[in-house]
Structure formats: C-alpha cells, structure tokens
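Data first, discussion second: the structure below is written as structure tokens.
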Amino acid sequence: MIEIADLHKAFNQGQHNEYWAIQGVSLSLARGQVTAFMGPSGSGKTTLLSLIGCLARPTSGRIRLDGEDISGLPERFLTELRRRHFGFVFQQFNLIKGLSARDNVMLPAYPLGLPHRQLTERADALLAQFRLGHRADARVEWLSGGEQQRVAIARALINDPPILVADEPTANLDTALSREFLAILGELSGAGRTVLLTSHDPLVLDSPQVERRVALRDGRVVEA
Amino acid sequence: MSLRPSTLALGGLALGLAGLLATWAEAGLQAQAPDPGTPALVRELGLTDPALFTEARYTRHLALSDRHAPFQDHPLGFDHFPSASLVAPPRHD
Amino acid sequence: MTDWFHKQRYLIDFSLAALGRRKVRNLGLLAAYSLLVFVLASVMLFTQGLRQEAKRVLAESPEVILQRLVAGRQDLIPPGYLEQIGRIRGVQKMEARLWGYYYDPVVKANYTFMVPGERQIPSGQLVVGPALARERGLVAGNLISFRSYSGRLFTFQVAEVLPQASELMSADLVLLGAEDFRAFFDFPAGHYTDITLSVANPNEVRNVAAKLAAALPDSRPILREEVQRTYASLFDWREGMVLTVLAGALLAFAILAWDKASGLSAEERREIGILKAIGWETGDVLRMKFWEGVLISLSAFLIGYLAAWVHVFHLDGALFRPVLQGWAVLYPHFRLTPQVDGLQLATLFFFTVFPYTAAVLVPIWRAAITDPDAVMRT
Ligand SMILES: Nc1ncnc2c1ncn2[C@@H]1O[C@H](COP(=O)(O)OP(=O)(O)OP(=O)(O)O)[C@@H](O)[C@H]1O
Ligand SMILES: [Mg+2]
C-alpha cells in the first residue's frame, strides 16, 4: 500500500526559476496492481515516480509505504529503502556499458555482499526467465533494444523488490517488443508485484494488463 | 565459470606484498653474513675510498684530495667531471 | 565480516571492469606510474646500499692519515718525519705508505699503484684489482708491461687477481713490492706518499690530530670520521639537481594522473547516477573508486619497487652504470648488500600511493553526492 498525501515538489526553490512540478497530489496505490500514470509532457509524471521511488525527496507532503513515512528520511535510509522495495526500469535502460549482461543484472546487489555463487545463480535464473540465458556473457552494448530492456528488467528484479517502477518503458520499443513487454508486465503482476509506470503509448494505456490509470496535468491529478 | 577479476587482482597484490616481505627477509639474511673480505682488505691496505670514480686523482680519492681541487668548490661552482654532480664537497670544519 | 569481504570483492570486480573498458589507456598509465616508482626506488635503494656498504667497510680505514702539504698541494713525506711523530703521545702505531697513480695509455684508464703494508710481493710480480684485470684481460700468471713515467718499460707477472667481492674498493688497484714501486716511479729514497696512524684511545683522535698539526705545521691530518662523512653524504649532494630532473617526470605524471582522475567524463557521471539509482550508496561509489585508485597505485608501487630491488641488488644497478661511470674507463662491478630502510620505504609508499588515490577520489566526491533522480532524465 502506497499512500501519498498532499505531495508538492519544487525545483530550484527560492530562486528566480523556481518551478512547482508537483502541486498537491494525493493518491492511494494498492499493492499488486499495475498502475499507469499518463498526461501531457511536463505534467510531472517522471517527477512523481522519482518521489515515490525515493530517488528524490518531496518539498512537502507525505509518502507512506506500508504505513511507514518515507518522505523525511536521510539519504542513507532512502538508499536502503530503494534497494529493498523498488526496482527501476528506465526509458534509456541505463545499462552500464562494457559490462556483461550478467554483471549488469548483478549490480544492484553488490552493496549487499552476498556470496558470489548465490548471486550469479540468481542473475542467471532471471536472465533465463527472460530468455536471455544464452546472452549472459555478452556485453550489453551488443544486445538489441528488446534484449537490453529485458536485461534492465532482470536488473530491476535482482533484489526481489515488491515494487517495479518503469518510466516510459516502451518509448524505445516497436509494437512487437512493446507487446512482449506488456506480456512480461502481466507475468510480474500475476506474481504479486506492484508496477508503477508512465506512458504516452496507447498500446500500453489501453492494454488489459494495466489495471489503473492516473492522469496528471500541471502537477495535479485530474482523474483517478 | 572463469576467474573473477578481483581474484586475479587481489592475488597479484598478495604476490607483490609477499615479494615486498621477501626483500625484507633477503636483506635480513644478508645482513647476518656480510662478506668479511672487503673490510679485511681495507684494513690491510689502509684504503679510504671506493673506486667509484677513477677519472682523476681527486675523484678517485675524494677523502684525500687537495683542498683546492675541484669538489671543494662553491656549490654553484662548475666541476670538470660528471661525478661532481653526485658527491658533496668535504666540509671544512 | 564475510559480507564486508564479499562486498569489497564486488566493488573491486566493478572497478576492474570499468578500468578494463579503457585497457590501453589504463595499462599505459600503470606502466608510466610503475616506471616512475622504479626510478625513484632504484635511486633510493642504490644510494642507500652504497652508503651502508661504505659505512661498513670504511669503519676499517685508518684512524688518521697524515699528508704533507707544500704550497697547498700534497707532497712527499721526507725522511725524518716518522721520528717526529713517534714522540707524540697517544700515537699507537704508524706506517709510512707508498702509493700513487698511473695512467695506462693502452686502455686510457687510471690505476692506483700501492705497496701493501704487510703482504710481501716478490719483485717482478703484481697483484691486480678485478676491474683492471677484466679491462686488460689478465689472469694470474699473465705478463703485463707498463711504460713508466721515465719512459722505461717494466714487465711484471700477475701473481694474483684480487677477489671480485671486494671490487668496490679494489677495482683499479695494482699492488707491488716497495723496491719495484720505487724503481717504477723513480721515487726518491727515504720518501713516502703519506702516513697512517692509529690512536690508542679512540676519544683522543682529535687531540692527537691537533698535536700532529702543531708539531708538524706543514702536515694535514685526515681523520677517519671525515672520510666516513664524505661517503655518508654520498649522493646527497645536489639531490636537488636530480630532483629537478625527476620533477619534470613527476609533473608530467601528475598531469597525466590529474587528467585521468579529474576529467570525469559525462559517461562516468551518468554511470554514478545509475549506480546510485539502483541502490548504491554514496559510500559504495566512493569505495569503488577508492579501490580503483588503490589497485593502480599499489600495483605501480609494488611493481616499481620490486623491479628496482632486482635491478639494484641482483642486476648490480645496471642502469646506473653510465651515471656512475662518469668519464672514467675503469669502474667497479659490485653487488650491494640488500638493505631495506623502513622509513624510506614508507615515504616512497606515501608519496606514490596516497596522492593518486586522493586524485581519483576528490573529483568523484562531488559526482557521488548528487541526487540520483537525474538518471530519470537522461
Ligand atoms: N531538475 C529540474 N529542475 C527544474 N525543473 C525541472 C527539473 N526536473 C523537472 N523539471 C520540470 O518539472 C516539470 C515536470 O517534469 P517531468 O519530467 O516530471 O514531466 P513528465 O510528465 O515526465 O514529462 P514527459 O512526458 O515529457 O516525460 C517539467 O516542466 C520540467 O521542466
Ligand atoms: Mg517523463
């Protein structure tokens, strides 16, 4: 359960270019659901996701994760929370070049200091789950766009987080690959994971896998 | 699965550190048994200088050279032989 | 604890993978760095070894050497001098020595001709130093001729070559009997080159020297401690000059390291953002970079130091020979006794490992503390 109450986010607060990207968002997001945020460019979708995902701190307002207030925590705790609760799939995938697919998948778990064998086995299982077992040793820059995205999803899942955050996940994919992504989405939510994503793509927004749609405009929720 | 890079790196560093300790050990061992021949020769012949620079008499026997010979010069003085740049002039006291 | 160890290994894995992406560049850096440490460590070990060896063997050199000066130049000791010294209290043993220099036009080298005090060398025979023997291709039993300063040709038989182990001190020596010496140099009878003295009470050396100078105003006593001091400061002299030369190399390296370490590319910045976004703490990023600095600088330190060790103590400092050689033709091949000076080693370690690691860490610091939400917008 994620509860958001009267959330505000200002960029460059107090300066001449102060900008309020989120202006009073209140929402309640159920666990195990796929929620899509939609709205015009600049409406604050990415900003909202990064606030929920503990990548940035709200200027005011509260975010509660399973009843725990996470909005005022210091950076160290935020990092810890992020690692435990959230997996991220970025629009540009943001894989680390020069590393193999397996190493990329393992990266979020490095700070945990798990035994190497255990971690590799887990990474290989995830890669196999996304039909990338044969590409595990390939450098990520040699992978196709679809393969890169599946590596990114595997990476998001390595620490087994309950919540997956995806910003514009299909913006770099063609229709076939977008459909494949939606299929994976279905599997993940079927397995009980909460998925939060933003999209402009009608293919995503109208798909049966998306259970809830939240529309934003000028940093406010317009319909829920 | 191939060797992890960190295994190689830490192994290499460990090897290097072992080498460092080995140099220490070698120095310790050699210090135990210094060659006695040279000091004996020095005592027998009353030698005063190593034969590092044999180019001139005042470089061959630095300790015995005349007071006006090169090496006695002002630090900025220009000496004839390159060895002058390696050895300090004797102190006058 | 095991978690900590696993974690550090992951961080090392990552920094090595990151270094591996610019393999040529980083290997080049490591090579340049190692070379720098090698040169510094070689100079350090070589001078230290030489100084220690000089200290060890010169402890046996005469306590006092007495020269006679004429018009400020060393001159021969005339007959009667010894008797005058004999009257000075505190002098235990004295010995008048015969030695001199000879220039050998065949190999264009200077030799030191010397008459040993105790050892009797039969007339017509020589004992030669190892470097000289090498240069002239001599072994025991060979004949060798020298044309004396008076123009006469003298032929000697080599009775013995001095042991190679003592080459540092004996490289250019030619030992011969007193009669042969006087004949070869036309050395005036009753005259000597200088006098060595030993003093009964070591604390009295300075007093005895003062008495000698008073009794024989034209003499110049040279004390063992002065001799030792000359070699204790060996190579300290104009260290500044050597450092100036090295400073060029150091500066070039500093620029290289700075460029590499501080020129944090947009790519690296982005990667740090990604790492933070996917759950790395600022500290993890810094630790990873710390390992990068340590791996490079510690490797360079170890490679450079060990190479210098082998170079100085096992390859006889081969690269220093041209420097030592100066303008001389004869110079000794000698093997120094390995020496480790903990303080010097620590200094070298500090000045090689520490600055580089810091140079790697400082620029990363700012990048590592930026907010991770920036990755959402790239
Ligand atoms: N770091 C920042 N500094 C200043 N303004 C920012 C910053 N980040 C975002 N903004 C502004 O906040 C507003 C919301 O941005 P956000 O990225 O959340 O929009 P979005 O809904 O994700 O848009 P898009 O659909 O184009 O991705 C935009 O007007 C943007 O210019
Ligand atoms: Mg956006």
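Below are the figures for this structure:
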{"item": "Condition check for A:ILE22: away from ligand 2 (no atom under 16 Å from the Cβ) and in contact with a helix residue (DSSP H, G or I) (Cβ under 8 Å, 6 or more places away or on another chain)", "result": "no"}
{"item": "Where a residue in segment C:136-153 is under 23 Å from C:ARG182 (Cα atoms) and without any contact (Cβ under 8 Å) to a residue 60 or more places away in the chain and its partner, wherever it lies, is of a type in the set (Gly, Ala, Ser) and outside any loop (DSSP other than H, G, I, E, B), with Cβ under 6 Å and at least six apart", "result": "C:LEU153/C:SER145"}
{"item": "Contacts under 6 angstrom Cβ, first residue in segment A:37-49 being away from every other protein chain (no Cβ under 14 Å), partner part of a helix (DSSP H, G or I) and more than 6 Å from ligand 1 (Cβ to nearest atom), 6 or more apart", "result": "A:MET38/A:LEU205"}
{"item": "All strands (runs of 3 or more DSSP E) inside segment C:155-231 with 3 or more residues being open to solvent by less than 50 Å² (accessible area, probe 1.4 Å) and within 25 Å of C:ASN110 (Cα to Cα)", "result": "C:173-175, C:194-199"}
{"item": "Cross-chain or 6+ apart pairs with Cβ under 9 Å, segment B:11-29 first and more than 18 Å from C:SER42 (Cβ to Cβ), then open to solvent by 60 Å² or more (accessible area, probe 1.4 Å)", "result": "B:GLY11/B:LEU3"}
{"item": "Pick from segment A:60-92, criterion within 16 Å of ligand 2 (Cβ to nearest atom) and facing chain C (nearest Cβ under 10 Å), ranking: most open to solvent (accessible area, probe 1.4 Å)", "result": "A:GLN92"}
{"item": "Residues within segment C:1-33 that are within 11 Å of another protein chain (Cβ to nearest Cβ) and within 15 Å of C:VAL294 (Cβ to Cβ), tallied", "result": "10"}
{"item": "Qualifying residue in segment C:308-328 (condition: at pLDDT below 85, among the hydrophobic types (A, V, I, L, M, F, W, C) and touching a strand residue (DSSP E or B) at 6+ places or on another chain (Cβ under 9 Å))", "result": "yes"}
{"item": "Hey, C:TRP280 crowded, with 19+ Cβ neighbours inside 10 Å and not in a helix (DSSP H, G or I) or not", "result": "yes"}
{"item": "Filtered residues of segment A:161-179 (kept if closer than 18 Å to A:LEU55 by Cα and open to solvent by 10 Å² or more (accessible area, probe 1.4 Å))", "result": "A:PRO162, A:GLU168"}
{"item": "Residue match in segment C:348-361 (condition: open to solvent by 20 Å² or more (accessible area, probe 1.4 Å) and either within 16 Å of ligand 1 (Cβ to nearest atom) or of a type in the set (D, E, K, R) (or both))", "result": "no"}
{"item": "Residues satisfying the stated conditions in segment C:53-83, i.e. on the phi > 0 side of the Ramachandran plot and more than 7 Å from chain B (Cβ to nearest Cβ)", "result": "C:ALA71, C:GLY80"}
{"item": "Subset tally (residues that are within 18 Å of the chain's Cα centre (by Cα), more than 7 Å from chain C (Cβ to nearest Cβ) and not in a helix (DSSP H, G or I)) for segment B:19-65", "result": "2"}
{"item": "Residues of segment A:195-223 satisfying the condition of being away from ligand 1 (no atom under 16 Å from the Cβ) and either in a loop (DSSP other than H, G, I, E, B) or of a type in the set (D, E, K, R) (or both)", "result": "A:ASP206, A:SER207, A:PRO208, A:GLN209, A:VAL210, A:GLU211, A:ARG212"}
{"item": "Spans of strands (runs of 3 or more DSSP E) in segment A:20-105 with at least 3 residues more than 16 Å from ligand 1 (Cβ to nearest atom) and modelled with pLDDT of 90 or more", "result": "A:60-65"}
{"item": "Test set (1) closer than 30 Å to C:ASP218 by Cα; (2) open to solvent by 10 Å² or more (accessible area, probe 1.4 Å); (3) in contact with a strand residue (DSSP E or B) (Cβ under 6 Å, 6 or more places away or on another chain) - C:LEU138 fails condition number", "result": "(1)"}
{"item": "Within segment A:1-12, considering residues that are more than 16 Å from ligand 2 (Cβ to nearest atom) and within 14 Å of chain C (Cβ to nearest Cβ), the one farthest from A:THR194 (Cα to Cα)", "result": "A:ASN12"}
{"item": "Pair list, Cβ under 7 Å, 6 or more apart: segment A:2-22 residue closer than 16 Å to A:ASP69 by Cβ, other residue open to solvent by 10 Å² or more (accessible area, probe 1.4 Å) and not in a strand (DSSP E or B)", "result": "A:LEU7/A:PRO58; A:HIS8/A:PRO58; A:HIS8/A:THR59"}
{"item": "A:GLN15 being more than 10 Å from chain C (Cβ to nearest Cβ), within 16 Å of ligand 1 (Cβ to nearest atom) and not hydroxyl-bearing (Ser, Thr, Tyr)", "result": "yes"}
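The values are calculated or read from the model by the stated rules, or taken from the named source; none is laboratory data. Keep in mind it's a predicted model, so treat the numbers as computed, not measured. Please note: Cβ atoms are built from the backbone with ideal geometry, for glycine as well, and neighbour counts cover all protein chains shown. What goes into the accessible areas is simple: the full protein's heavy atoms, side chains included, and nothing from ligands, DNA or RNA. Shrake-Rupley method; radii C 1.70, N 1.55, O 1.52, S 1.80 Å.
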